[in-house]
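The values are calculated or read from the model by the stated rules, or taken from the named source; none is laboratory data. Note that the coordinates shown come from a computational prediction; the quantities given were computed from them, not determined experimentally. Using ideal geometry, Cβ is built from the backbone for each residue, glycine included, and neighbour counts are taken over all protein chains shown.
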Amino acid sequence: MFIHLGGDTVIRSKDVITIVDQDTHDSSSITQQFLASREEKDIERISSEQTKSVVVTTEKIYLSPISTLTLKRRAQVVSDYDNYNEENGQQTES
């Protein structure tokens with residue numbers, strides 16, 4: 001399944017490693033060091049709007065204008081849908 005991160009950016013839910021609130025990022029030296037160690041091509045700013053979430057995937061890091069709570073809800077909907085289909089013997093395309 002997929003998660004919409006804002007703008008025209010949609011990612012595969014199974015590629016998400018973590019979603020970090022921007023405020024946590026700003027106050028965490030470890031997170032700041034992690035992002036500083038990445039190449040610019042590996043970080044994608046989705047919008048010129050204020051960054052609210054940092055989404056780390058297996059391929060890239062996305063700076064999203066959508067709140068961490070909203071992204072968590074979207075990911076939960078995907079997870080619930082996948083679990084429902086597994087319980088009912090249906091296959092999902094991910």
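Select from region 44-75 the residues that are under 14 Å from residue 19 (Cα atoms), of a type in the set (Val, Ile, Thr), more than 10 Å from the chain's Cα centre (by Cα) and surrounded by 14 or more Cβ atoms within 10 Å (Cβ to Cβ) and list them in ascending order.
Selection gives 51, 70.
Name the single residue, out of those in region 14-42 being hydroxyl-bearing (Ser, Thr, Tyr) and over 16 Å from residue 55 (Cβ atoms), that is surrounded by the most Cβ atoms within 10 Å (Cβ to Cβ).
Pass one, region 14-42, residues hydroxyl-bearing (Ser, Thr, Tyr): 18, 24, 27-29, 31, 37.
Those left that are additionally over 16 Å from residue 55 (Cβ atoms): 27, 29, 37.
Working: 27: 10, 29: 7, 37: 8.
Out of the qualifying residues, it is 27.
Exactly one of these conditions fails for residue 26: (1) modelled with pLDDT of 90 or more; (2) farther than 17 Å from residue 70 by Cβ. Give me its number.
Checking residue 26 against (1) modelled with pLDDT of 90 or more; (2) farther than 17 Å from residue 70 by Cβ, the one that fails is (1).
Of the numbered conditions (1) at pLDDT below 85; (2) among the β-branched types (Val, Ile, Thr); (3) closer than 15 Å to residue 2 by Cα; (4) exposed (fewer than 12 other Cβ atoms within 10 Å of the Cβ), residue 78 satisfies every one except a single condition; which is it?
(4)
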